[in-house]
């Protein structure tokens, strides 16, 4: 357990930041799941709409340190490719 007042404050700050990060990660995963479901359903219009919603969320998560920037770029790139491939 934290002994000094500064350590106690650090514990409180860490708890707040953890809650915010968990919420952001959860929101990102929810929107990623929506894109996956739209791709699975075969409806390209819905998939494209879901993709346009998820892309800024994923990139913002990368800026905020929730995921690595390369991971975010890879996720967006792969989803975009899968949505484009639905037309064929």
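Just so you know, all these numbers are worked out from the coordinates, no wet-lab data involved. Small disclaimer: the values here were computed from a predicted structure and weren't measured. Reconstructed Cβ throughout: ideal geometry from the backbone, glycine too, with neighbour counts over all protein chains shown.
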What distance in nm separates the simple spin-label points at residue 63 and residue 20, each placed 7 Å from Cα in the Cβ direction?
1.4 nm
Gain in span if fully extended, residue 85 to residue 71, counting 0.36 nm per residue against the direct Cα distance:
2.9 nm
Mean ellipticity per residue at 222 nm, deg cm²/dmol - from DSSP H runs of n ≥ 4 across the chain, formula -39500 (n - 2.57)
-29500 deg cm²/dmol
By how many nm would the segment from residue 43 to residue 12 lengthen if fully extended, with 0.36 nm per residue of separation less the alpha-carbon distance?
6.6 nm
Working from Cα positions, state the angle (0 to 90°, nearest 10) between the long axis of helix 69-84 and the longest principal axis of the chain.
20 degrees
